[in-house]
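In what follows, a single structure is set out as C-alpha cells and then discussed.
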Amino acid sequence: MQNDAKQAQLLVKAYKEITAEIGRFIVGQEDVIEQLMIAILSQGHCLLEGVPGLAKTMMVRCLADVMNLSFRRIQFTPDLMPADITGTEIIQEDATKKTRELVFQKGPIFAQMILADEINRTPPKTQAALLEAMQEHSVTIGGKTMKLEEPFFVLATQNPIEQEGTYPLPEAQQDRFMFHVKVTYPDRDQERLIIDRTTSGFEVKLNQVIKGTTIIECQKVARRVPVPDHVTDYVLDLVRFCRPREKEAFGFIKELIEWGPGPRACQMLILGGKVRALLRGRLHVSIDDIKALALPVLRHRMVPTFNAEAEGVTIDDIVMRVIEQIRPRKAKVI
C-alpha cells in the first residue's frame with residue numbers, strides 16, 4: 001500500500017506536468033484533456049465530438065509528444081479499406097535467391113496513439129477494422145495475430161454538424177469507447193489568446209514528461225485503488241436506472257429511453273473513478289468521481305425514443321435527471 005501511495009504521488013506529479021506542458025500550446029480545454037488522461041490511464045479509448053477548428057487533432061498530437069508515444073493519424077474517407085488501417089501482405093522478390101515471398105507491411109494501426117479522424121465518414125466494414133485492436137490490442141492478418149505496442153490508445157473524432165455522406169457508428173462499436181467527449185467552443189478570452197498565438201510567430205517545443213513504461217505502471221496502480229461498497233452500489237443504481245426494462249427504472253426513463261447502457265458502462269465508471277481519484281490525490285473512489293464521469297461514459301451507450309427526440313430532450317438531460325433523483329446509499333462504518 002505504501003508503494004502504491006508513492007506511485008500515486010508520482011502519477012499526480014506527472015499529470016500536473018503533462019497538463020502544464022500542453023497548456024503552453026493548447027488554450028483551454030482542461031476538462032477534455034483530463035478525460036483523455038483518465039481514459040489513457042484506464043486503458044480505454046475516446047470518441048471526441050466537436051465542430052472543426054477546436055484543436056482536437058493538435059491536442060492528441062501534443063499528448064503523444066509529451067507522453068513520448070508513437071503517433072499516427074488516419075483520415076477516414078468513404079474509399080478507405082480495412083487493409084489501409086491494419087496493413088497488408090505484399091509479394092517481395094529476393095534477387096539473390098530468386099524467390100518470392102509474402103511479406104506483411106504494417107499499417108498505421110501499429111502505433112501507440114491512433115487518431116481516427118472523422119471515423120463516421122467511412123463504411124462500417126472499415127470502421128470495424130479498429131474493433132480487434134481496441135478490444136484485444138492485437139491485429140489478425142492471414143491467420144496470424146500480432147500484438148500492438150503498449151500502451152495503446154485510439155482517439156476517434158466525428159463532426160456533429162455535417163451528416164451527409166456519413167455512416168453513424170453502430171451501438172456495439174460505440175460501446176468500445178470508454179468516453180464520448182464533447183469539445184465545446186472556447187470562451188472570449190481563450191479565443192483572443194488563440195488568435196494571438198496562431199497569427200503571430202508563436203512557437204513552442206514541448207518537453208517529454210513521461211514514458212510508455214511509466215504509463216503502464218500507472219495503469220496497474222490505478223486498478224488497485226479500492227472502491228467502497230456504497231460507491232459500487234451507486235454505479236449499479238445509476239446504470240440500471242437508465243435501462244427502461246428494469247423494474248427499478250424511473251418512469252421517465254421508460255418513456256424517453258429505447259435501450260439503456262450495458263455492463264461495460266459500470267466497468268468504465270469504476271475504472272475512470274479510480275483514475276480520477278488518484279489524479280486528485282486520493283486512494284479511494286468517491287461518488288463525486290462517478291458523477292463527474294457519468295456523462296462521457298453514458299451518453300453514447302443510450303438510445304433515445306422517438307418521443308425524446310421529438311421533444312428535444314438529449315441523453316445528457318436524461319442522465320442529469322437520473323443523477324438528481326438517485327439517493328446514494330450510506331457508507332458502511334467499519
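The values are calculated or read from the model by the stated rules, or taken from the named source; none is laboratory data. Here the structure is a predicted model, which means the values were calculated and not measured. Virtual Cβ from ideal backbone geometry, glycine too; neighbours counted across all protein chains shown.
Residues that are closer than 26 Å to Q267 by Cα and part of a helix (DSSP H, G or I) within the range 20-55 comprise E30, D31, V32, I33, E34, Q35, L36, M37, I38, A39, I40, L41, listed in sequence order. Looking across the range 115-169, the residues that are of a type in the set (G, A, S), under 18 Å from the mean Cα position of the chain (by Cα) and not in a strand (DSSP E or B) come down to A128, A129, A133. Beta carbons closer than 9 Å, at least 6 apart along the sequence or on distinct chains, pair a first residue in the range 219-242 that is over 13 Å from H284 (Cβ atoms) with a second that is aromatic (F, W, Y) and in a loop (DSSP other than H, G, I, E, B) for F241/F250; C242/F250.
Of the helices (runs of 4 or more DSSP H) entirely within the range 258-334, those holding at least 3 residues that are closer than 16 Å to G44 by Cα occupy 263-279, 287-298.
Listed here are the residues, each with its yes/no results for (1) farther than 22 Å from Q75 by Cβ; (2) touching a residue at least 60 places away in the same chain (Cβ under 8 Å); (3) crowded, with 16+ Cβ neighbours inside 10 Å; (4) outside the structural domain of E118 (by TED's automatic domain parsing).
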| site | (1), (2), (3), (4) |
| --- | --- |
| G143 | yes, no, no, no |
| K147 | yes, no, no, no |
| F153 | no, yes, yes, no |
| L169 | no, yes, yes, no |
| D175 | yes, yes, yes, no |
| M178 | yes, yes, yes, no |
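In the range 225-280, the qualifying residues are those that are closer than 25 Å to K6 by Cα and touching an Asp or Glu at 6+ places or on another chain (Cβ under 6 Å), and the one that is surrounded by the most Cβ atoms within 10 Å (Cβ to Cβ) is G273. In summary, helices (runs of 4 or more DSSP H) completely within the range 180-240 and bearing 1 or more residues that are over 30 Å from E149 (Cβ atoms) occur at 188-198, 229-240. When you look at V12, is it at pLDDT 80 or above, farther than 24 Å from I119 by Cα and touching a Lys or Arg at 6+ places or on another chain (Cβ under 9 Å), yes or no? In short, yes.
The residues of the range 130-141 that are surrounded by 14 or more Cβ atoms within 10 Å (Cβ to Cβ) and either outside the structural domain of P170 (by TED's automatic domain parsing) or over 23 Å from K56 (Cβ atoms) (or both), listed by number, are E132, H137, V139, I141. Set side by side, the residues Q127, Q92, Q105 differ, and just one is of a type outside the set (K, R), in contact (Cβ under 8 Å) with a residue 24 or more places away in the chain and outside the structural domain of E258 (by TED's automatic domain parsing), which is Q127.
Considering P304, P296, the condition of being crowded, with 20+ Cβ neighbours inside 10 Å and closer than 27 Å to L169 by Cβ is satisfied by P296 alone.
Counting the residues of the range 71-106 that are assigned to a loop (DSSP other than H, G, I, E, B) and surrounded by 13 or more Cβ atoms within 10 Å (Cβ to Cβ) gives 4.
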